[in-house]
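The structure under discussion appears below in the form of C-alpha cells.
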Amino acid sequence: MAGLGALIDAVYDSLNAEELLSKVKEGSWQTFFHHSASVAAIAYRLGKLLKKGANGVAKLSIKEIEERVKCEYENILFLSGLAHDFAKVFGVGEEGRKRIREILEELPCGRNEGLAEVIENLARTAEASYTPELDENLLSFVSPVIRVADTLMSLRSVDEAIPRLESSNEVRKLKEFGIRFGFVKTSPPSILQIKISRRVVELLKDRGWIPLAVYYDGLVVAGDPGSRPVRFSELYEKVVQEISSVFGTEALLKEIVGGLKKRALLNLYQLLEQAKEPLKSEEGVDDRTKVLYYYHAIITEYLNGNLNQAAELFKGLKKTIDPRTMATGLRGKGSIYFADELRKAVTTSESIADFIARASEEERFLLLAYLMAYPSEDAEPLGVEGLRPLANKVPRGRELLRILSIAEAYKLSKRPSDEVKAKVGELLKHVRVGVSVEPYIRMYLSQTIKSNVIEAPPEPPTGGWDAKAFTYCRICGTPLVDEGLRFIDYARDLEALGGASEIWLPDDVPLGDLESIAKEARRICPLCYYEARQLKGRYSPPFLVLAFHPVVAYDLWLWVEGRVSSLAEVAPRAKERTRDFAELLAGILESSGKLSRNSKEVGEGRSPEKLLEKLVGELRGKGRKAPIVLLDSLGARVVVSAGGGYAVKRKNVALLLTVAPLLVSVAGGGQVGIVATLADSYNLGSGQTPIQTPHPVAFVNTVVELFEGIRMRAIRERRDLRAREYAVYNRSYFTVLLATYIYGLKVLGWWSGAGGVDLEDYAHEMLTFTYSIPYLPLALSAPPPPRLDPRRGADQPLQYFGQVILSSRRVEELMGQARELAKGERPTPVDRVLWDYAVNLAELDSGLSRYAAQKPLRRAIELLLQYAEVLGEESAKNITTDIFLQQVALTAGVDLDKAVKKVKDNEGKEKEESYRVLMYRTFRNLADAILTLRKELPPQHFRGLVEVLLDSAYEKYRWRVREERKKQTQPAPVPPGSGLDVHEEERKKRSS
Ligand SMILES: [Zn+2]
C-alpha cells in the first residue's frame with residue numbers, strides 16, 4: 001500500500017500548474033493542492049484510527065465498504081477528501097468531470113469505476129447535505145470524516161478549532177467510535193520553540209497521538225482510548241537537551257577539569273591513591289610537598305575514622321597551601337570559584353550532576369573537591385557540616401574544614417554514579433550555579449505551551465516565582481528568580497554594543513551612565529540569552545519564511561518540509577549562482593509555473609527537478625556547513641536565515657524576491673515572506689497577499705487588488721461568486737507567482753556584473769523599473785532599460801526573452817479576464833498586440849534596424865495623440881491607421897494588399913488574409929489601448945510608457961527574427977514548449 005507521502009506526490013504530479021495553484025478559499029491563501037491534499041491526508045489519518053479501533057457494527061460496516069468499493073477504507077477517504085472541492089476548480093460540466101476522472105486515474109484505486117462514482121457523489125454530499133444515491137455506511141463512515149477534515153482546514157487557528165471540535169455533530173459521531181481530539185497551542189515563534197517543536201510532536205506520537213492539522217499557533221491531534229498524556233518531565237528534558245547543546249555545559253566542565261589537572265589537587269589525589277596509610281613528612285622534600293604530606297595524613301586519618309588524630313595533626317601543620325595552587329587559581333591570577341566558573345554557562349544542576357556522575361574517578365574527585373572545598377570566597381566548605389564543632393577546637397578552623405571537604409570528595413568519588421548524582425544535586429542547592437535555566441524552562445513551558453494532552457507543569461515553589469523576583473528580564477519581561485544575565489552580554493553577542501542600549505532600552509534615564517546601567521541594572525533571562533546566541537550565530541535575520549498558514553495537514557507539512565528544505569538551504573545563495581538559478585526559473589516557466597519532473601513537458605534536459613537537484617548538490621558540496629533551515633512543526637513554517645541584519649533594506653527584498661516564489665511552487669502553495677524578526681512570521685497567512693515583505697511589492701499588490709475586485713463586486717451586488725467568476729478569481733495566486741517569476745528571471749538571467757553593478761542593486765533597479773511602468777504585463781515583458789541591459793548595445797540575443805514574452809502574455813490574459821469581471825470592461829491586450837505587430841513585421845521584412853522597426857509605430861502613435869486632441873478619437877484613429885499602413889509598406893518595401901498569410905478563422909477554417917488587414921487590426925487595437933491608457937495615466941508616466949512600448953515592440957521583433965533564423969538553420973523539430981506554443985501554432989498555420 002502506498003504511504004501518504006507517495007499519495008501526495010501522485011497528486012502533485014497529476015495536477016497541472018494552474019490547477020495546483022488555484023486559490024480555493026476566499027478568506028485565505030490556500031491553493032487547491034494545499035487545501036485538498038490536506039483534507040485528503042487528515043481524512044486518511046482519521047480513517048486509519050477508526051479502522052484500528054472499530055469493532056462490532058462499525059468494523060462490519062467498514063469492511064463492507066472496502067469490499068464493495070474494492071479499495072482500502074483509508075484510501076477511499078483520501079480520494080474522497082481530495083475530490084471534495086473538485087467542482088470548485090473544474091466546474092460541474094462534462095469537461096470538468098472528465099478531468100476529475102483523469103486525475104483520479106493517476107492515483108491508487110482511481111481506475112475503479114464504482115469508486116469514481118462514489119467519490120463524485122460524496123463530493124456533492126460534502127458540499128450540500130443528503131444525497132439519496134449514497135448508502136447508510138458511506139453516510140456514516142465516510143461523509144462525516146471528510147466533513148471533519150474539511151472543517152479543520154477551514155478554521156484559522158487552534159483557538160478557533162477547539163470550540164469547533166467540541167460543538168460539531170460530526171466530531172460527536174467520531175467520538176462515539178472512540179476517537180479523541182487534543183491540541184497543543186503555542187506562542188509566537190522563537191528559535192527555541194521551533195527547535196523543540198519536532199521533539200514535541202515525536203513525544204505526542206509516542207503516546208499514541210496522531211498529528212492532524214497544524215495552525216500558525218499550534219497543532220490539533222487525534223487519538224484513541226489507548227492514547228496517554230505526555231509527561232511534563234519528558235517535555236522539560238527535551239528543552240534541557242536543546243539548551244545544553246548550545247551552552248555546552250559539557251564543554252565548560254571539561255575545560256574546568258583540564259585546568260584542575262594542572263593543580264596541586266591532582267598531586268594530593270595521586271598520593272591518596274598510592275598510600276592508604278598516613279605519610280610522615282620526610283627530610284629533603286620541598287615545603288609544598290611537606291604540606292601535601294600533611295594534608296594527606298590528615299585526610300587518611302579522617303577516612304580511617306580517627307577524627308581526633310586528624311585534628312591533632314592539623315595543629316602541627318605549620319603552613320598551608322595557597323588555595324589558588326590547590327584549585328581556585330584556574331584563570332591566571334586570583335581565585336575563581338566553582339560558581340564563578342559556571343556563571344558563563346547557562347545550565348541546569350541536572351546537567352552538571354550528570355556530567356560529574358559520568359566522569360572518571362579522578363575527574364570526579366577534582367570536580368567534587370573544587371565544588372565542596374572552594375564553593376566561593378565567603379561560603380563555608382560543603383558537605384561536612386557535622387564537623388563544625390571539631391573545627392572550632394583548632395585554630396584556623398576553616399582550613400581544616402577545607403581539608404576535610406577534600407576527604408569527603410574523595411570518599412564520594414568512589415561511590416556509584418547514581419549516588420554521586422543525587423549528592424551533587426543536593427550540594428548544588430547551596431552553591432549558586434551561575435544562572436540556572438531550570439526555573440526559566442518551567443516558566444517558559446507553562447506560559448508558551450498549552451495543551452490538553454501534555455501534563456501541566458508542577459506548581460511553582462510556595463509563593464510563586466514572582467515573590468522571589470529580583471527584577472524582570474529586559475527583553476521578554478519574565479520575572480528573574482536570580483540575578484539573571486547581564487544585558488551587556490546580550491548586546492555583545494549580537495555584536496551591537498555601540499548603541500545597543502539605546503536601541504533596545506529607550507526607557508533609560510537620558511543622562512545616566514549607560515555603560516554602568518548596562519552592566520548593573522539591566523538583566524535578562526537565560527532563554528533570551530539563548531536566543532541572542534543563536535541569532536548571532538547561524539540564524540541571523542532577515543528570514544525567508546515559507547508558511548502554510550492558516551492551516552495545513554501535518555502530513556502535507558512533512559511532505560513540504562522534505563521537498564523544500566534543500567531548496568531553502570540554497571535559496572539565499574542565488575547570488576553565487578545567478579546563471580543556474582535563472583536556468584531553473586526559466587525551466588519552471590516553461591512548464592508554466594510548477595516544478596516539473598517530467599522532461600517531456602519542457603525542453604530535453606531542462607526538467608526543473610533535475611536542474612534543482614544538480615544545483616543543490618553543487619552548492620552543498622562546497623564545504624557547506626549544516627543546513628541553516630529551521631522547521632517549525634508546531635506552526636507549519638520553514639525559516640531560512642538569509643543573514644544581513646535587522647534592518648531589511650529594499651535591495652535585500654528585491655534580491656530575495658527573485659527566489660522566494662520558488663519555495664512556493666515547489667511546495668504547491670503557502671505564503672512566502674521576507675521578515676526581519678521571527679514574530680513577523682507568526683501569522684503570515686493573515687496578510688493581504690501570498691508574498692509578504694517589509695517593503696510592499698507594488699506589482700504583487702496590483703495583481704491581488706485586481707482579482708479581489710471580482711469578489712468585491714459580488715459583495716457589492718450581494719451575491720456569491722458565479723462559476724465563471726470563480727474560475728478567474730482562483731487564478732490570482734497563480735498570476736502573482738507567474739509575475740514574480742518573470743521578474744526573478746529578468747534579474748538573475750540578465751545581471752552580468754558589468755559596470756561593477758552589484759546584484760542586489762541590479763535587482764533593486766529592476767524592481768524600481770518595473771514599478772515605473774504603470775501597465776504590469778508590459779512592465780514584465782519590457783526589455784531592460786539601457787542602464788540594466790547586459791548587452792551594452794551589442795547585437796546579442798536577450799537571454800530568456802522567449803519565456804519572458806510568453807509568461808507575460810499569460811499574465812496579461814489572466815489580468816484581462818479579471819479586469820473584465822471586476823470592472824466590466826474588456827481591456828485591449830497591449831502586450832499581445834505588440835507581439836502581433838512584431839510577428840507580422842518580421843514576416844514582411846526580417847532585416848530592419850531598431851529605428852526602422854519602430855518607425856511606423858512611433859510616427860502613428862505621435863500623430864494619434866496629436867489628432868485625438870483636435871479631431872476627436874474616432875477621426876484620429878482613422879487617419880493615423882492609414883498613415884501607419886503607409887509607413888509599414890514603406891519600411892518593409894511590400895504591397896500590403898498582395899502579401900498574404902494563411903490564418904484560421906474562428907471556426908478553424910483556413911483562409912488567406914492580407915497583411916493590410918492584419919496590420920490594420922493590430923493598429924486599431926493598439927490605438928484603442930493607447931487612448932484608454934492616456935486617460936488613465938498622468939502625462940509624465942504616459943510619455944515613458946510609449947517609449948517602453950516601442951522598445952518592447954522592437955525587442956519582440958528582434959527575438960522573432962532570430963528564432964525564425966534558428967529554425968531555418970536547424971531543421972530538426974523544436975521540442976514542444978521551448979519554442980513557445982503561440983509561435984508553434986502560427987508556424988503550423990503557415991506551413992499547412
Ligand atoms: Zn527573557
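The values are calculated or read from the model by the stated rules, or taken from the named source; none is laboratory data. Predicted, not measured: the structure shown is a model, and the values here were computed from it. We place every Cβ from the backbone using ideal geometry, glycine too, and count neighbours over all the protein chains shown.
Numbers below:
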| quantity | calculated |
| --- | --- |
| Answer from Lys901, Lys909 - the residue that is in contact with an Asp or Glu (Cβ under 9 Å, 6 or more places away or on another chain), of a type in the set (D, E, K, R) and at pLDDT below 95 | Lys901 |
| Residue within region 81-92 that is at pLDDT 90 or above and either within 33 Å of the chain's Cα centre (by Cα) or farther than 27 Å from Lys173 by Cα (or both) present | yes |
| Filter result for Ser244 (among the small types (Gly, Ala, Ser), closer than 21 Å to Ala353 by Cα and surrounded by fewer than 17 Cβ atoms within 10 Å (Cβ to Cβ)) | no |
| Residue list for region 876-929, restricted to those being of a type in the set (S, T, N, Q) and assigned to a helix (DSSP H, G or I) | Asn878, Thr880, Thr881, Gln886, Gln887, Thr891, Thr922, Asn925 |
| Per-region count, region 522-568, residues touching a residue at least 40 places away in the same chain (Cβ under 8 Å), away from the ligand (no atom under 14 Å from the Cβ) and more than 25 Å from Leu219 (Cβ to Cβ) | 5 |
| Complete set of residues in region 695-729 that are under 24 Å from the mean Cα position of the chain (by Cα) and either surrounded by fewer than 17 Cβ atoms within 10 Å (Cβ to Cβ) or among the basic types (Lys, Arg) (or both) | His695, Pro696, Ala698, Asn701 |
| Matching entry among Gly793, Gly816 (being part of a helix (DSSP H, G or I), free of Cβ contacts under 8 Å to residues at least 24 places away in the same chain and not basic (Lys, Arg)) | Gly816 |
| Residues of region 193-241 classified as surrounded by 17 or more Cβ atoms within 10 Å (Cβ to Cβ), touching a residue at least 60 places away in the same chain (Cβ under 8 Å) and under 18 Å from Arg637 (Cβ atoms), total | 16 |
| Residue within region 77-89 that is out of contact with any strand residue (DSSP E or B) (no Cβ under 6 Å at 6 or more places or on another chain), surrounded by fewer than 16 Cβ atoms within 10 Å (Cβ to Cβ) and polar (S, T, N, Q) present | no |
| Residues located in region 282-309, provided they are farther than 19 Å from Ala369 by Cα, at pLDDT 85 or above and touching a Phe, Trp or Tyr at 6+ places or on another chain (Cβ under 9 Å) | Gln309 |
| Cross-chain or 6+ apart pairs with Cβ under 7 Å, region 356-381 first and surrounded by 15 or more Cβ atoms within 10 Å (Cβ to Cβ), then in a loop (DSSP other than H, G, I, E, B) and among the acidic types (Asp, Glu) | none |
| Residue match in region 262-281 (condition: farther than 23 Å from Gln309 by Cβ, loosely packed, with under 15 Cβ neighbours inside 10 Å, of a type in the set (Lys, Arg) and modelled with pLDDT of 90 or more) | yes |
| Region 663-691 residues that are without any contact (Cβ under 8 Å) to a residue 60 or more places away in the chain, paired with ones that are buried (at least 22 other Cβ atoms within 10 Å of the Cβ) and in a strand (DSSP E or B) (beta carbon under 6 Å, 6 or more apart) | Ile691/Val672 |
| Identity of the residue in region 439-481, farther than 27 Å from Val184 by Cβ and at pLDDT below 75, that ends up farthest from the ligand (Cβ to nearest atom) | Thr462 |
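Rundown of residues vs (1) in contact (Cβ under 8 Å) with a residue 60 or more places away in the chain; (2) touching a His at 6+ places or on another chain (Cβ under 8 Å); (3) among the small types (Gly, Ala, Ser), yes/no style:
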{"site": "Pro395", "(1), (2), (3)": "yes, no, no"}
{"site": "Ile403", "(1), (2), (3)": "yes, no, no"}
{"site": "Ile406", "(1), (2), (3)": "yes, no, no"}
{"site": "Ser417", "(1), (2), (3)": "yes, no, yes"}
{"site": "Val420", "(1), (2), (3)": "yes, no, no"}
{"site": "Gly425", "(1), (2), (3)": "yes, no, yes"}
{"site": "Leu428", "(1), (2), (3)": "yes, no, no"}
{"site": "Arg442", "(1), (2), (3)": "yes, no, no"}
{"site": "Glu459", "(1), (2), (3)": "no, no, no"}
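Residues checked against (1) touching a Lys or Arg at 6+ places or on another chain (Cβ under 9 Å); (2) under 21 Å from Asp720 (Cα atoms):
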| site | (1), (2) |
| --- | --- |
| Lys23 | yes, yes |
| Ala41 | no, no |
| Leu60 | no, no |
| Ile65 | no, no |
| Ser80 | no, no |
| Gly96 | no, yes |
| Arg99 | no, no |
